[in-house]
Amino acid sequence: MTRHDSPAVEITALTKSFPSRAGTVQAVRGIDLTVTRGEVVAFLGPNGAGKTTALDVVLGLTTPTSGEVRVLGRSPREAVRAGRVSAVLQTGGLLRDLTVRETVELIASTYAVHAPVEDVMRRANLTAVCSRKVSKCSGGEQQRLRFALALLPDPELLVLDEPTAGMDVSARRAFWDAMHAEAAAGRTVLFATHYLEEADSFASRIVLVAEGRVVADGPTDVIRGQALGRNVAARLDLGAVDGAATALRALPSVHEVRVDHDRLSVTTSDSDGVARALLTDLGAHDLEVTTGSLESAFVALTSAPPTPEGAAA
């Protein structure tokens, strides 16, 4: 595999431990993950799940205890030094007494080749506040400034750690509008968040992390189905409802059957099989297949009891 054809991120058997007063905190416990180029992937998990630690390793900010991480076919630090990876972190990195434009110009001057200053400010929706001092910018404006700085080297991979923490609803919406445009242009985006709606609406793939391990990985609807099963609902003639409910309860994939007048609701791990039985064998109509909410899946998949070693953010 050439570097050009290599995945954006390739993590193999990653572990990371830190010393603590109580002994050792194992923040990451054997993560395997491959992110292909052009994907938008959300790292979703509760506080202390290991999301930030894993991203720090991807960015070369810390080294693994064991395992291997390759970024765009290189070591993380090589990829960052080459300007192929940029990050938008939660805090820090800004000089309060400079204006927005001065900040972008200053950081641009550190690159031999960079995107035009006006262009990155436009893409980050900062043109209207370019003369404002950083200290006078809102939290959302400062985060958009970090985003503009991340765009300067024209990176192939953007890594975002809780990028909208502290933003109000309108600021979050504006930030993700800008991120949507970058993803549409083919950039790979890997972001950690605890906002379920962000992962649901923006990511094409969700990686759920708990206790330093990946507990689920896939498209949003697959994650919901994996945690909760799917619900298949349909209507039948009143005289056929009880017999249909009995037949469905006998299927090994069916977890629960609920009857409400002429309507059956079936929770199952095989929605296709149940739908087929309802329509072809039981004479049902008005069929509907749904999954549980992402929030319910999140709780179901990340609610394992803590282990003695603990976990880190």
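Every read-out reported here was derived from the displayed coordinates using simple, explicitly stated rules and does not represent laboratory data. What you see is a predicted model, and the numbers here were worked out from it, not measured in a lab. No Cβ is skipped: glycine too gets one built from the backbone with ideal geometry, and neighbour counts run over all protein chains shown.
Our estimate of slack between Q90 and A185, defined as 0.36 nm per intervening residue step minus the Cα-Cα distance, is 31.8 nm.
Around the amide H of D154, modelled in the peptide plane, lie the amide H atoms of A115, all under 5 Å away and 5 or more residues distant in sequence or on another chain.
Residues in the stretch 184-195 carry Karplus couplings, in order, of 5, 7, x, 6, 7, 10, 10, 9, 9, 7, 10, 8 Hz; the curve used is 6.51 cos²θ - 1.76 cosθ + 1.60 with θ = phi - 60°, and Gly or Pro positions show x.
At a 10 Å Cβ-Cβ cut-off, how would you order D200, D5, D242, fewest neighbours first?
Listed from fewest to most nearby Cβ atoms, that is D5, D242, D200.
Kindly provide the trypsin sites (Lys or Arg not before Pro) of the stretch 87-170 that DSSP labels as loop, not H, G, I, E or B, and whose Cβ sees at most 14 other Cβ atoms within 10 Å.
Working: sites: R96, R101, R122, R123, R132, K133, K136, R144, R146; in loops: R96, R132.
Loop-located and lightly packed - R96.
One quarter of the surface of the convex hull around the alpha-carbon atoms of the chain equals 20.4 nm², the direction-averaged projected area.
Tell me which lysines have Cα within less than 17 Å of K51's Cα, excluding those fewer than 8 residues away on the same chain? Candidates past the 8-residue exclusion: K16.
Taking the longest Cα principal axis of the chain as reference, the axis of helix 238-249 is set at about 60 degrees. Computed over the stretch 144-282, the convex hull of the alpha-carbon atoms projects to a mean area of 12.1 nm². With the simple model of a label 7 Å out from the Cα in the direction of the Cβ, D237 to R81 spans 7.7 nm.
Give me the net charge of G93's neighbourhood, meaning all other residues with Cβ under 15 Å from the Cβ of G93; Lys, Arg count +1, Asp, Glu -1.
On the way: positive: R96, R144, R146; negative: D56, D97, E102, E141, D161, E162.
Result for the neighbourhood of G93: -3.
Listed values for the stretch 146-158 are Karplus-derived 3J(HN,Hα) couplings in whole Hz (6.51 cos²θ - 1.76 cosθ + 1.60, θ = phi - 60°), namely 4, 5, 4, 4, 5, 7, 4, x, 6, x, 7, 10, 10, and x replaces Gly and Pro.
Across the stretch 31-132, Cα pairs under 8 Å and at least six residues apart give a relative contact order of 15 percent. Take the Cα of R276, step 7 Å toward its Cβ, do the same at R37, and the gap between the two points is 4.0 nm. If you average the alpha carbon positions of the stretch 54-90 and of the stretch 262-277, how far apart do those two centres end up, in angstrom? For the stretch 54-90 versus the stretch 262-277, the Cα centre distance is 45 Å.
Can you give the translational diffusion coefficient of the stretch 230-290 in µm²/s, computed by Stokes-Einstein from the Kirkwood radius over Cα pairs at 25 °C and 0.890 mPa s? Working shown, then result.
Values: Rh = 10.9 Å.
Translational diffusion coefficient: 225 µm²/s.
Taking the helices alone, the chain has a mean residue ellipticity at 222 nm of -9000 deg cm²/dmol, built from -39,500 (n - 2.57) per DSSP H run of at least 4 residues and averaged over all its residues. Each residue, S253 and S170, gets one label point 7 Å from its Cα in the Cβ direction; the gap between the two is 4.8 nm.
Rounded to the nearest 0.05, what FRET efficiency do S138 and S293 have when you use their Cβ-Cβ distance and R0 = 30 Å?
On the way: r = 31 Å, r/R0 = 1.02.
FRET efficiency, S138 to S293: 0.45.
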